[in-house]
Structure formats: structure tokens, C-alpha cells
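Note sheet for the following structure.
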Number of protein chains: 2
Amino acid sequence: MSAPPAALPPHGGDLAAATARWGRPAGDWLDLSTGINPTPYPLPSLPDWAWSHLPGRAAEAALDTAARQALAVPDTAALIAASGGQALIQQLPWLRSPGPVTILAPTYDEHRRAWAAAGHQVQGATDPATADPTGVLVLVNPNNPDGRIFDRASLVALAARFAAQGGLVVIDEAFADPYPDQSLCPLAPRGGVILRSFGKFYGLAGLRLGLAVTAETTLAEALRARLGPWAVSGPALAIGNAAYADSAWAEATRQALVAASSRLDAVLTGAGFERIGGTVLFTLVRHPKAREWWERLGQQGILVRAFAEQSDWLRFGLPGSTADWNRLEQALTSVQ
Amino acid sequence: MSAPPAALPPHGGDLAAATARWGRPAGDWLDLSTGINPTPYPLPSLPDWAWSHLPGRAAEAALDTAARQALAVPDTAALIAASGGQALIQQLPWLRSPGPVTILAPTYDEHRRAWAAAGHQVQGATDPATADPTGVLVLVNPNNPDGRIFDRASLVALAARFAAQGGLVVIDEAFADPYPDQSLCPLAPRGGVILRSFGKFYGLAGLRLGLAVTAETTLAEALRARLGPWAVSGPALAIGNAAYADSAWAEATRQALVAASSRLDAVLTGAGFERIGGTVLFTLVRHPKAREWWERLGQQGILVRAFAEQSDWLRFGLPGSTADWNRLEQALTSVQ
């Protein structure tokens, strides 16, 4: 019954692959394979210019102001917006000559792919202290999928050590919105570049909006030049601006995610899964029959994330509606 | 009264700069400084997934099918979608080792910037026959701003010559939608890569959608790898799919643009401008007092495109509404 690892999709959210595998139409899936908030920021009505005009500097400046406020980015740091966090992950590796890159693993696999594609010598590690400070260290904080959190003071010290030797620490905060106290954005240390994803916490992953925050001005200018003009769409500028300016929504959402995450953990634990990590946007569990669960849930139209190299892991995102919660709970109890 | 060339914005559409210069709020401008269709494709209602989910492979495949049909791209060619034609212009130069690049000029300046930034030796030329076929030749067809059209058979022969010597011909068809018979997409010759912009003809420049079409499979794969996953937003996939599939709208729009362009030419000629080129999306005119006209129109809230190196040129885009046509006509008659 277990799927061979090679058949696992490399990312969550791939409903086309799920449909091909289990033969269920795309609209019929409960997709829990990503860490995207199922209760998105309410779409504001968009001005015509957002669609019809080239994104203007005024709209870009408005997003910059709102994002800086929301993330407490100091004036000493640059903020660079791109069409998704992935677009930044794609470009960063080309801004340095090939060299040693240490990626704290297991983690989001696109970092490894991107640095390797640009000719760097990539190795995985679990201890940041083992990384070569003349090169690059990449870590995701909180980490995906295990939720590992890196202490802020340690990261600042680490970035300083890398800065002193010409190295760079990439801190991917794609899942950090629920934990503003953990973010390095307010500190923006030398030697570091922080990546933010808009779509996950705000539940609008289709919009494609990501940010880089760094006090490394040469790096910032090089990144900006790589992306070029009009890098962010009008709708993303307008919606991002509204959402980042809405601190009340963010605070209420943080609280709601804590409650939803507790509920998800209880449901999973009740079904015999062992919680081994996660964030409020996803839960990582262990189960000796994880692959069989993945298969059974898939047959019932519930897509969760399995891992090629950890055959006893599954990652569950949050259901949104009452119907979706019921569907998950029934699937977990009916097939034991 | 003439503005010094250094004060000219490098692109059309920069209302922030216009507002700073002439002190008029952004919403009060008649922006004729771009070649964007003022009558956009009617926005379809967007499915929730377009906003909330990572852009899926099914949506990407649907756009691919619709665009191939609309542009008559043969199965032998790859079609790569990106978040705007500019995103493709940014990435292409990094896919070749630095070498000679000839750009047929004057033209859209971002080609020069992008190739120079990647370390290529860029030179301008007017005759494609003078370009080094071991390097890169870039041309815009029809050209912006003068509307120069390159014969299809000549371009195919040129691409073959470049292909035979390891070179590449970049054909930017950003303004080719009104002229399907001029497009090289149906031929997709070896040695060529064709760039398409969605936002101009469809009047949705804020959406950010561009395409590359090429039979050079190695180049196509390298470009795809540079862009990475989820390179196009969900709204761009959904709207692009609907628009490219709507051949009736495209045909009606081609006819409407011909009529609007004739009207614009008559208005400008009547005001003493000499038409020296253009497409149905913009008209290039010459006037001995072009800079003064640019200044006077700006003072009245009408932004047109001036050129740093051709002080007697102006480029006018199409007004859309009756009010906008009246505003332009009044401005051109009242201040003579």
C-alpha cells in the first residue's frame, strides 16, 4: 500500500498530481497539504489602476510603508518586494560566486535546489555552528516542517560572525507572521537577509507576494536590479498594502490560529498520531503507518503532505470550514 | 521651458514622477505615456483558488493551452509564462556567457539595461545584418516607439543564421497582438526566442503576465529553471486563460484599435504634429517644440512620453473614454 518515495510530489498543494493519482476532480479536494491559512484576508475592492496600469511607484511606496510598519523593519534596512517568496529564493543564489552553502535540514527543499542550480556546494546540517562563515547559511525560522525555532540572539550573533568573514545568513521567515516576537525583521542584522512570504498567513498564496529585508545594501541593490521594474502586480500591491496595514486582523488571526492549531493537534493525537512539531499553520506528526494514512486520506479526497525521506512523517494544514473539520475528523476515525 | 533630458523619466506610466513635477494628484492624470489599450479585457469573476491557493499545474496548463491557441504556437516550441514580459527580459541575459549583443535602436531601453547588467558587450544598430551571429541580436517587432516592422521571412533567415553559429535572436513582440500576421510565434524558428506581453493589448498591465516562445529547448529549460515554480499569479493565470481563449474579443479589439489610432493620428496631425511612426496602440510624432508640448500637456494633467535623446519626438497612447478624447483635443487646440 505504501507509495514509493519517488512518487511523492515535491511540494504540498499539487492537486493536479493528487487528481491524477486518486482520480477525483480538483474541486472535490480538501487540501491540507500546505501551511496556508484557510481563512484568508478579506479581499478589498481593487481600484481599476491595480489591473490596468503598470504598477506605479506610489503603490510600491505604499506597500513598502505598510510592510515596514507591520514587520517593524528599521529604516536602516532595505525592503525588496517580489512576486512571491519563491522569486527571491530563485534569485538570491545568483548574487554570490559559487561557494559553500549550508542548509539546516530537513526543510523546504527549494533552497537546496536554487543554490545547487547556481553552482554552489550545498550541504545539509542540523547545527548552524558547523557552517562555514565565509559562505552561506540558510535556515527557515520557524522551520518547515518541524517548527524548530532559532533563538533571536543566537541568530544575530551568527549573522555577525558571517558578516565579519564575508558570509551571509539567509533566514526564511515564511511562517513567522504568527510569531512576531521571533522575527529578525526588527533587528535586520548585518550579514543577514530575511525572506517573508505574504500568502501563507494572509491565506492568499495565489497572489504571489514576498519580501526580502536586509541591512546589506550591496546585496539589496543587486537583488532589486535582478528583479527589475514592475516586479509585483497591481493587485498584490493593493491587497498587500491593505493587509499589512490591518494590525487588528493580524492580531485576531494570530489568536484564531492558536485555537485552530490546538484543535488540529487534538484531532490528530486522538487518532493515534504523535505530534513531533509544527507551527500554528501546520502540524507535523509521526505514525508507523504514515504512508498508508496518506494513501487512505487521499482516497477520501483529503490531501496531506508526505515526505520522501521520512516515511513515518505526515504534515497536516488547518481545515477551515466546519464541513472541512468534520470531513477530516470523520476520515480519521472511520478508517482506523 | 524645455526639461533637461536628465529629468525625463526612463519609462512611460510614471505618474509619481509626473505628480512630483507638476503637482497634480495621481487620480487626476490622463496618462497617455504608455502603449496600453485603454479599454481592457473585461475582468471575469475569479474563482477563490486564484487568490487563496498556490497556482496549480492545472491552471498553468490551461493558460498554456489558451495562449498556444491564441498565438498559434506549434507543439515543437516551448511556451514559458512569467510575471510580465519584463521578468523575461530580466532573466534572459543571464542564460548566456557574456558576449556581443546588438540591439536594434532606438527601442525599449530595458533590453540594453538587462544585457549590460549581465556583463554583455551591448551595441546599438539599425541594420540587423551588421550583428555578430555568434552573439545575440535583440529587436522589438513592431518596434517601440517608431513602429518599425521586420519582415517575417527575413527574421526566420536571420534566426537560422544565428542558430548556425551559436547565436540567438530575441524578438520582443510586446506590441504584436494587433498584427497576428506579423508574429513569429506560429513559426517559432530555431535560433529565436519570442517575448510576448499580455498587459498591453489586453489593457491589464497591472496583472503582470508575459510569455516566451522558443524552439530552443535548452534555453527554454534554463529559463523555466530560473523562474522557478509558481512564477505566475493565480489571477494572471485565470484572466490570461479567459482572455487568450476569447478570439472574438481579440478580433473586435483589433478593429477598434485601428479606428481609435486613426482618430488619434488625425487629432495630432490637426494640431501640427508630424506622424513618424507607431502602432495602433501608440503614435510617434515629431514637432520642433516637442519638449514645450510635453511641458504644457503635463501642466494640464496629460502625460505623454518624451525621449531623452530625440528632443523633437513625443509618443502618444490612446485615450479611452469620450471625456479623455475631449480633454486631449481641447488641450491640443487651446494652448497653441
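The values are calculated or read from the model by the stated rules, or taken from the named source; none is laboratory data. Only a predicted model underlies this, so the values are computations on that prediction, with no experimental measurement involved. Note that we place each Cβ from the backbone using ideal geometry, even for glycine, and neighbour counts take in every protein chain shown. Side chains included, ligands, DNA and RNA excluded: accessible areas come from the protein's heavy atoms. Shrake-Rupley method; radii C 1.70, N 1.55, O 1.52, S 1.80 Å.
What to note about this one:
- Our coupling estimate for the stretch B:85-95, obtained by passing each phi through the Karplus curve with A = 6.51, B = -1.76, C = 1.60 and θ = phi - 60°, is x, 4, 4, 6, 4, 5, 8, 3, x, 7, 8 Hz, Gly and Pro reported as x.
- Rounded to the nearest 20 debye, the dipole magnitude of chain A is 320 debye, with +1 charges on Lys and Arg beta carbons, -1 on Asp and Glu beta carbons, and the Cα centre as origin.
- Label separation (A:Ser334 vs B:Gln121): 7.1 nm, computed from points 7 Å beyond Cα along the C-beta direction.
- At q = 0.09 Å⁻¹, base-10 log of I(q)/I(0) for the protein assembly as shown (Debye sum, equal scatterers on each alpha carbon): -0.80
- Under 20 Å from A:Lys289, Cα to Cα: aspartates and glutamates that are on another chain or at least 8 residues apart: A:Asp146, A:Asp265, A:Glu274, A:Glu309, A:Asp312, A:Glu329
- Taking amide H positions as modeled 1.01 Å from N, with prolines and chain starts lacking one, the residues under 5 Å from B:Val138 and 5 or more places away or on another chain are B:Thr102, B:Ile103, B:Leu104, B:Val170.
- At 7 Å out from Cα toward Cβ: B:Gly23 inter-copy label distances (nm, ascending): 7.3
- Once the Cα-Cα distance is subtracted from the 0.36 nm per residue extended length, the A:Asp48 to A:Ser321 segment shows a gain of 95.1 nm.
- At least 30 Å² accessible surface lost relative to isolated chain, residues of the stretch A:51-70 (1.4 Å probe): A:Trp51, A:Ser52, A:His53, A:Leu54, A:Arg57
- Label distances, nm, A:Asp132 versus same residue in remaining copies, Cβ-directed 7 Å point: 3.4
- Averaged over its residues, chain B has an accessible area of 38 Å² per residue, based on protein heavy atoms and a 1.4 Å probe.
- By the Kirkwood approach, averaging reciprocal distances over each pair of separate Cα atoms, the stretch B:161-249 gets a hydrodynamic radius of 14.3 Å.
- Among residues of chain B, the one whose Cβ lies closest to the rotation axis carrying chain B onto chain A, together with that distance rounded to whole Å, is B:Ser83, 2.
- Scattering curve values for chain A, log₁₀ I(q)/I(0), Debye with Cα scatterers, q = 0.06, 0.09, 0.11 Å⁻¹: -0.21, -0.49, -0.73
- Whole-percent carbon and sulfur share, accessible surface of the protein assembly as shown, 1.4 Å: 53
- For the pair B and A, the buried accessible area comes to roughly 3200 Å² in total, with a 1.4 Å probe and the value rounded to the nearest 100.
- Here the translational diffusion coefficient of the stretch B:35-92 follows from Stokes-Einstein with Rh set to the Kirkwood radius across Cα pairs; for 25 °C and 0.890 mPa s it amounts to 176 µm²/s.
- Cα-based Kirkwood hydrodynamic radius, the stretch B:189-336, one decimal, Å: 18.0
- With label points defined 7 Å past Cα in the direction of Cβ, position A:Arg152 shows copy-to-copy spacings of 6.2 nm, given to one decimal and shortest first.
- Accessible-area loss of 30 Å² or more (1.4 Å probe, protein heavy atoms, chain alone versus all protein chains) is found in the stretch B:231-254 for B:Ser233.
- Taking the inverse of the mean 1/r over every pair of distinct Cα atoms in the stretch A:17-175 gives a Kirkwood hydrodynamic radius of 18.6 Å.
- Only beta bridges with both residues in chain B are counted; by DSSP, about 55 percent of them are antiparallel.
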